[in-house]
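Note sheet for the following structure.
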Amino acid sequence: MDDKRAILKKYFGFDSFRDGQEEIIDSILNDRDVLAVMPTGGGKSLCYQLPAIMKKGTALIISPLIALMKDQVDSLKQKNIPAEFINSTLGMGEIQARLDGAIAGDYKLLYIAPERLESKRFLNMLSMLNISFVAVDEAHCVSQWGHDFRPSYLYISKAVKSIRYGSLAALTATATPEVRDDIVQSLEMKLPNEVIKGFDRPNLKYISKHSNDKISDLQDIFSNMKSGSGIVYCGTRKKVEEYTAALKSKRINAEGYHAGMKPIVRKKIQEDFITGRKKIILATNAFGMGIDKADVRTVVHVDLPQTVEAYYQEAGRAGRDGEKSECIMLYHPSDIFLQEFFIDANYPPKEDIRKVYTSIYDMAGAGNGEKPAAPLYADEIEIAERARVNVSETRSIIGLLERFGILLRSQALKSARLKITTSRNRLVDYMNNTNEQRAKVLESILRSSTSESMEKFVDFDLKGFLLKYDLSTEEFRKAVEAFEFARLLKFTYSGSEKGILLKKERAPILKIPIDFSELEERRDHAVAKADIMRMYAETAECKRNFILQYFGESNIQDSCGNCSSCLSGSGRKKRKPIANSKLQTKVLTAVCELDGRFNFTILTDYLHGDTNKQIKDYGLDKPSGFGSASDSRLIRIKEEIDKAIYARLIEVKDNNKNKPKITKEGRLKLGRPVNPLKLEFKNRKVDNALYEELCQLREELAAKDGIVPRAIASDRAVKLISKNKPVDDKGLSEIQGIGPIFKTRYGRFFISRVQEYLNPKHKIKLKPVGEEIKKAAELWNTFTDFEHVASKMKISTGEASFHIQKAIEAGLKLDVSDYKDSSVIEIIIDVLMNRPNANIAEIRRNIPVNINIETLRINIALAKNELGIR
């Protein structure tokens, strides 16, 4: 076996390894699992490429970066190292050919996307390979608490168990201690060697600047840039376009890049940047993954990233050649609103999740308890329009439904598919009234399709079709766009659309199998991460040390002397705990008293003595520590809290929802024991069972009014009601934070639910039921027939059905099982959730099947009961 240093020189041209590389390589060569965390530009790829050359067999490299796969494989081939990749850009024939080559042992490295591991057929093929080891690149994607979680990474552990391999290597540049633990656990690594080679990039200067005019600041930055290139990260596509135009107006060599551009345009811009024809790229975070450009001298963020991990990764694209470079954050306090927008999109309201869930099953034609066998071929825009939810939120919800095992997004189609969406008579009418070219194309499509295409998507031989009718691809596309606009048909091209396979039977709308409490926990976690990113932008402490401490670096002493804080004189030169002060003692004492039960806002208010509603609701205005730092300015208290965090005197765990706790070092610094506050006030303990019931009531009322539950009452308000258990208006009025609108509109419902909870025999009072309705109900229970009810009461069957509907809605027990239609009820619920006051004619227009008015009334009543509408 060749010596690894000789191979390093022969294939990669280096005389020595970078810090950490040799230890990682030795672990792989010795068949030991290894977790490698190395800074961006630290040479992670070589850590698996070199041992792949040395070991017998083929190394399997799992990576989410399609562009990087091709670049690395091309680079390896130039070095005469046999390598290949398999991802969604290839056709089935090419995939099979490359798998055959891998089975024959033609490659030393085979790159695959993690989605491939979802295919049993693909796994069976992999089991035929002689796999030397498995490497998981961008391993932080496996952590559900990481900044770039990808559901497809959850398949890796199960998949690798089914194949023979030497060891498992997980590599990443961004992982906190908690995420590292999650990687090891999720991948089921066996006593891995953890090689953590720091996050420090001494050549990078970290700068945060409060900016009231970001466009002007950008123009100043790049007008003065003397060499190299630059990247500007923007939070939205609109801002990319706006800022690009502004820089171009100043004759700055800049170009915009975002995912909304055509692939061929993006590729051209990327090539121009790599070759130096374009010096500045303004982009969303869609740009940069897998881009290895050494001379990026400036990376600017004009919007706050969601996490420190994302910022570190994006800013780290500067100075990969080791030369001095700048990472600039242009910050304004209003930037937090864009962060909140993205958090809302990624963790959408329960009501929107239900709308998308219902729409997907409706589009698939599945009723309650049903699961369609065929995939649903619909894009996110179609689903969003049907659900009346914005596209970005719909996209997030589809991902959420996939994570909870409700659906599976299939690979892009590799053959064209066609579905006729109108009648043949209308098609003929269209052909008679359109131009000759379109008529020719449409007639040819109809000749080439079967009657089955009138019912569902069918395969369409596009290549053969174009040859047979002597049509160009462009001619065909233009014609089809016109047909789709006229709602005549739907046509999907190879690779243009993904299918959705529903894996579970449809559940009633209030019983969707999603853990909403977990979703809320993830939202809280995202909020905490965003808060830390904001703290980085605002802190006067050393920026470099902030980042290093965030990632768990232990040997941090001196300030960097090369960030905006240190250069301004505010960055502390020593990272060790600062000298004790009276304010520091007060902060540490308060943290001990609150004991990780409250967030930073409440901690600050408690110290400052602000008697707001939250402080009063929790009874925190009673202890002697309340207002202990009232003689200090609020900003001074916040700075002292920041200092305590950076000095590791207090900490916030990822799973503690932004609630600080004292550390061992903090207790030593404080020098005396401080017991947590006992906050057991009369009627202050949350009754969890009642709280759950009240939350359910809030959802029912919100569905009735067509609003989100929190618009009725906040979680805090519902908790206060569950603590105090008011049984009348007076009791409800005594609860602080309950407004007059809530009392007037919704108070009676909450009081009734509390009364029923305290005394199960105390039922919620229903609206008085008229004598005619009672009589109709009695007759129904005797005959279960509209005609008999109408005959006995001497009214029309229509009036009889109206009385029966009102009887059901009033809560009277009637046997209507013969008239109940679950699929119709689901549609009615969908209509009522969007338009609670929809009339019967409007509801009927949404029912795709023939149904008589009497049966419809019964199903409307059942739907209203399920939603809690009276």
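I'd like the Kirkwood hydrodynamic radius of the range 587-648, using the inverse of the mean 1/r over distinct C-alpha pairs, in Å.
About 11.6 Å for the range 587-648.
Please report the orientation-averaged projected area of the range 791-831, defined via the convex hull of its C-alpha atoms, in nm².
With the hull built on Cα positions only, its mean projection is 3.8 nm².
If one computes P(r) from the Cα atoms of the range 124-243, what percent of pairs lie at distances over 23 Å?
54
Can you tell me the mean projection area, over all orientations, of the convex hull of the range 301-439's alpha carbons? Units nm², please.
15.8
Residue 631 to residue 248: extension gain in nm, 0.36 nm per residue of separation minus the Cα-Cα distance?
132.7 nm
Which residues' amide hydrogens lie under 5 Å from the amide hydrogen of residue 194, considering only partners 5 or more residues apart or on another chain, with H built in the peptide plane?
35
Quick one: Cα centre-to-centre distance for the range 326-346 and the range 14-33, in angstrom?
39
Give a quick list of trypsin sites (Lys or Arg not before Pro) in the range 300-401 that DSSP marks as loop, anything other than H, G, I, E or B, with at most 15 other Cβ atoms within 10 Å.
Passing sites in the range 300-401 are 324, 388.
Which of the aspartates and glutamates could be linked to residue 371 by a straight reach, that is with a Cα gap under 13 Å, when you skip same-chain ones fewer than 8 residues away?
362, 505
If amide H atoms are built 1.01 Å from N in the plane of the peptide, which residues on other chains or at least 5 residues away come under 5 Å of the amide H of residue 235?
Here the answer is 303, since their amide H atoms fall under 5 Å of that of residue 235.
Once you order the gyration tensor axes a ≥ b ≥ c over the Cα atoms, which shape class does the range 31-97 get: rounded for a/c under 1.5, otherwise prolate or oblate by comparing a/b with b/c?
prolate
Given a 1.4 Å probe and heavy atoms of the protein chains only, how would you sort 79, 478, largest accessible area at the top?
I get 478, 79, largest accessible area first.
Using the basic label-point model (7 angstrom from Cα toward the beta carbon), what is the residue 667 to residue 368 distance in nanometres?
For the pair residue 667/residue 368, the computed spacing is 5.4 nm.
Give, in nm to one decimal, the length gained when the segment between residue 729 and residue 96 is fully stretched (0.36 nm per residue of separation minus the Cα-Cα distance).
Answer, rounded to one decimal: 220.7 nm.
Just check the range 24-161 against the gyration tensor rule for me: Cα atoms, a ≥ b ≥ c as the square roots of the eigenvalues, rounded for a/c under 1.5, and otherwise prolate or oblate depending on whether a/b exceeds b/c.
Here the range 24-161 falls in the rounded category.
What's the carbon and sulfur percent of the chain's accessible surface, probe 1.4 angstrom, rounded to a whole number?
Of the solvent-accessible surface of the chain, carbon and sulfur hold 48 percent.
Between residue 14 and residue 795, what is the spin-label point distance in nm, taking each point 7 Å from the Cα along the Cα→C-beta axis?
8.6
Take the cross-link list 248/293; 582/638; 70/214 and give me the ones stretching past 26 Å between alpha-carbons.
Among 248/293; 582/638; 70/214, the Cα-Cα distance tops 26 Å for 70/214.
Taking 25 °C and 0.890 mPa s as the conditions, I'd like the Stokes-Einstein D for the range 73-123 in µm²/s, using the Kirkwood hydrodynamic radius from alpha carbon pairs.
213
Using P(r) over Cα pairs in 10 Å bins from 0, in percent as the read-out, say which of (1) 2, 11, 17, 17, 15, 12, 9, 7, 5, 3, 1, 0, 0; (2) 2, 8, 13, 20, 24, 16, 9, 5, 2, 0, 0; (3) 2, 10, 16, 20, 20, 16, 10, 5, 1, 0, 0 was calculated from these coordinates.
Computing P(r) over Cα pairs in 10 Å bins from 0, in percent and matching it to (1) 2, 11, 17, 17, 15, 12, 9, 7, 5, 3, 1, 0, 0; (2) 2, 8, 13, 20, 24, 16, 9, 5, 2, 0, 0; (3) 2, 10, 16, 20, 20, 16, 10, 5, 1, 0, 0 gives (3).
At 222 nm, what helix-only mean residue ellipticity would the chain give, in deg cm²/dmol to the nearest 500, using -39500 (n - 2.57) for each DSSP H run of four or more?
The helix-only estimate for the chain comes to -14000 deg cm²/dmol at 222 nm.
Output the pairs from 774/864; 350/419; 120/267 with a Cα-Cα distance over 21 Å in this structure; if there are none, say none.
As for pairs spanning more than 21 Å Cα to Cα, those are 350/419; 120/267.
Sorted by accessible area with a 1.4 angstrom probe, largest first, how do 63, 423 fall?
423, 63
Enter the accessible area per residue of the chain (Å², integer; probe 1.4 Å; all protein chains in place).
Spelled out: the 1.4 Å probe surface of the chain, per residue, equals 48 Å².
Report the net charge of residues surrounding residue 241, where surrounding means a beta-carbon distance below 15 angstrom and charges are Lys +1, Arg +1, Asp -1, Glu -1.
Net local charge, residue 241 excluded: +4.
Please give the contour-minus-distance gain from residue 621 to residue 553: 0.36 nm per residue of separation, less the Cα-Cα distance, rounded to one decimal in nm.
Gain on extension, residue 621 to residue 553, equals 20.7 nm.
For labels at residue 392 and residue 850 in the simple 7 Å Cα→Cβ model, what's the distance in nm?
Result: 4.7 nm between the two label points.
Of the cross-linked pairs 161/355; 643/678; 55/190, which ones have a Cα-Cα span greater than 30 Å in the structure shown?
Distance filter (> 30 Å) returns 161/355.
Tell me the accessible surface of residue 566 in square angstrom (1.4 angstrom probe, heavy atoms of protein chains only), to the nearest ten.
20
The values are calculated or read from the model by the stated rules, or taken from the named source; none is laboratory data. Since we're looking at a predicted model, the values are computed, not measured. Positions of Cβ are backbone-derived with ideal geometry, glycine not excepted, and every protein chain shown enters the neighbour counts. These accessible areas exclude ligands, DNA and RNA; they are computed on the full protein's heavy atoms, side chains included. Shrake-Rupley method; radii C 1.70, N 1.55, O 1.52, S 1.80 Å.
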